[in-house]
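Scroll down for the structure; my scribbles are underneath it.
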Amino acid sequence: SKDGGQTWLEDIPAEFEVLTVRTNNGVKLSAADISAFKASITEQNAPAGLDLGQADYESETFPADAFAGTAINPNKTLSYIRFPKNVTAVASKAFVYCTALETVDFNSVSNIAESAFQDSGLKKLNVPATVTLLGKYAFKNCYSLEEVYYNSPYDPGNEIGGSKSAANWDTFWQDNTDIANPSLTVTIGPDVEKTPRRHLRHNNSIVKIICEDVVYFRNYG
């Protein structure tokens, strides 16, 4: 609470595991607030989670520069995030090279943009039926992935060309590195009727695919 005086960032104890933030009375978090939360987590020198599920953000799109890193300077701050209840989209490359990020709760997110979580440290991933649009390379090079539950009904079609059909291509691309001990299990939920073209292509870490219902795998699935 900015004015109610519940807990100021300066009073947060060191070595916390999850920072839970809620807003009320019409207050909305700003990009500056997100940066302040990042600074608080960074100061404790250990990755921590950020639960914004009870908060509103100033935009329906989570900012691209909040927790992104680079290949040379990866972001090692965030271990978990739950998105604000009014956020419906995650911007392109929002969590690229966020190497400490292990789990995500998409909450009300329906649009995950291109390369949003590329080269992040995700271990377990739940893509719920509420996600209706996925960008190309959304989870590319997430070599730590062990379990994926994919239940998005998103179907861009089977056309060879065009931006719409290419949107979901190579979602879980991983084959740029030789994986010595492949261990990824992909479970496809009942809301998936047809897999997007090239959806699981270029991934040599998959050892098991479980279908909870009948699903049609397109060419180069």
For the range 29-125 the mean separation of alpha carbon contacts under 8 Å (6+ apart) over residue count, i.e. relative contact order in percent, is 26
Taking the chain and counting helices only, DSSP H stretches of n ≥ 4 at -39,500 (n - 2.57) each over all residues, the nearest-500 ellipticity at 222 nm comes to -2000 deg cm²/dmol
Cross-link reach from residue 136 to lysines, straight Cα distance under 20 Å and at least 8 residues apart if same chain, gives 93, 123, 124, 164, 194
Dividing the mean separation of Cα pairs under 8 Å (6+ apart) by the residue count of the range 84-154 yields a relative contact order in percent of 31
Cα gyration tensor of the chain diagonalised, 5x eigenvalues square-rooted, in angstrom largest first, produces semi-axes 32, 19, 15
Taking 0.36 nm per residue of separation between residue 85 and residue 217 and subtracting their Cα-Cα distance, the length gained on full extension comes to 44.2 nm
Between the Cα axis of helix 31-43 and the main Cα principal axis of the chain, the angle (0 to 90°, nearest 10) is 90
Largest fluctuation, 135, 49, 26 only, Gaussian network model of the chain with Cα springs under 10 angstrom, belongs to 26
The aspartates and glutamates whose Cα lies under 14 Å from the Cα of residue 28, excluding any fewer than 8 residues away in the same chain, are 3, 56, 58, 60
Expressed as a whole-number percentage, the relative contact order of the chain with C-alpha contacts under 8 angstrom and at least six residues apart is 12
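Readers should treat all values here as calculations from the given coordinates under stated rules, not as data from a laboratory. What you see is a predicted model, and the numbers here were worked out from it, not measured in a lab.
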